[in-house]
Amino acid sequence: MPNRKTWPHVLVTLIGLVMVVGLNGSCSVAPGNVGKLIQRIISVVSPEPGDSTILIEDLSGEEVGGTPTVKEHTQDAAVVPPQDVGTNSRLRVELAADAAQAVAEDPRVILIGGTTARILNLGTNTLGAQVQLTGRFAQRVAVSADGSFAAVTVGQLNGPGGVDLINLTSMTRTATIGLPRACDARGIAFIPGTDDFAVACTGDGTVRFYSLNGGRGSEPIRELTGCEGALAVEFTADGQRGLFSCTDNVLVYDVLSNSVVRTIEGFDQVISIATTMDATRAYLGNDRGDVGDLIVVDLSTYDIVRTTEVGGFPATIAVGPDDQEVYVMGNHVQGRGVAVADRQGVLQGFVPSEEFLITFLIVRVPAST
C-alpha cells in the first residue's frame, strides 16, 4: 500500500491523481457547497496474485472504511458522474474532464477486471452491483459524460475482442460491439458532449469510433488509420480535438473535420495523455524503459515546452481541476508511486508506493460520507 507517512507532506494541496473527480447529485451546485467536500484516497493494489485490495483513506493516510477485496485482478477503474446534468453544457464538459466542483449524493466508482465489472459505493465503502462481461479479460473502461453508460474493452484468448456497453442505472450489459480480430484494443475514451467513443487498436494501428447506439458486429462510425502501435487516446474538455499516441509520435485529431491536423514527434512510446480544462496544454507520459518522462505540450503551437524525468512506466496522468497540478503514476520497481508537478511540468514531490499500484484515485465526496 502507499507509504502513509509521506501523505501529509505531499497531499496538502492534492486535488487528484489517476482521476480528479467532482460528482454532483443535481444540475447545479451553490459555490458554498464546494467547501463541504472532503477527499478520499482510493488505492487499488495487488498484494496477492489474482486479488485486488481497495484501500479507502483520508488525506492523513488513515483508513476511513472497509478494505473490500475483489477476487479478480482489477485492471482499470473510472468514476461514475451524475446522470442528471441536463442541458448544462459547461457542467457536462467539466464532468467529461473529471474535474467538476460539485457535491455527490451517491459517489460511485466502476471497477473492471477479469470477466466482471462492479460498482464501489463510496457512501458505504462497499462493493455493489456487478455485471458479467463477455470477454475472458477486461482491459479498459470509459464512462459517458452523463454517467449513464460505461464502455469496457474486453479481450479473448483465441478470437476477436469487443466493447461491452453497460447501463449504469440498471447495471446490465445492453450490447457488445465486435472488434476486428487484428484490433487488440487498448485505450478508450468518450468524446465530451457526445455519445461517441474512440478505441485505440494497437494491433492494426487504427483508431475506431463507435456510438452508444451500436450493437454486436456494428461497423465503426468512422476510422483513423496510420497510427502504428495506437495505445492512448484522450480528448480535450471542449470535445474539439483528440490526441492519439502511436509508436513514436502523437497525432492531433480534429473532431469536426475528422482529420489529423498535426503530428507531434520525438517520443519513445507515449503511454498516457491528459489535457487541461482550458484545452491549452497536454501532458504526455513517455516510457523509456527504466525511466519515464512527463512531457508538456502547448496546444496552441504544439511545441514541447518541457520534459521532466519521472518514475518509470508513467502509466496514468491527471490534471487538477484548477489546471495547476499534474500527477503521474508510475509502476517501475525503481520509481513506483506518484510524481507531483506544477502546471509547467516542474517536479514538486513524489509519493512512493510499497506495492504494485493497479490504479489510484482521489474522489471528492460530501463531508458526511
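Throughout, read-outs are computed from the coordinates displayed, never taken from laboratory work. Note that the structure is a prediction, hence the values are computed from the model and not measured. For neighbour counting, all protein chains shown are included, and Cβ atoms are generated from backbone atoms with ideal geometry for every residue, glycine included.
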| query | For the range 236-244, in order, what is each residue's ³J(HN,Hα) by Karplus, 6.51 cos²θ - 1.76 cosθ + 1.60 with θ = phi - 60°, in whole Hz (x at glycine and Pro)? | reply | 5, 4, 7, x, 8, 9, x, 10, 10
| request: Arrange the following residues from fewest to most other Cβ atoms within 10 Å of their Cβ: PHE235, PHE267. | output: PHE267, PHE235
| Given the C-alpha centroids of the range 104-179 and the range 224-282, what is the distance between them in whole angstrom? | 25
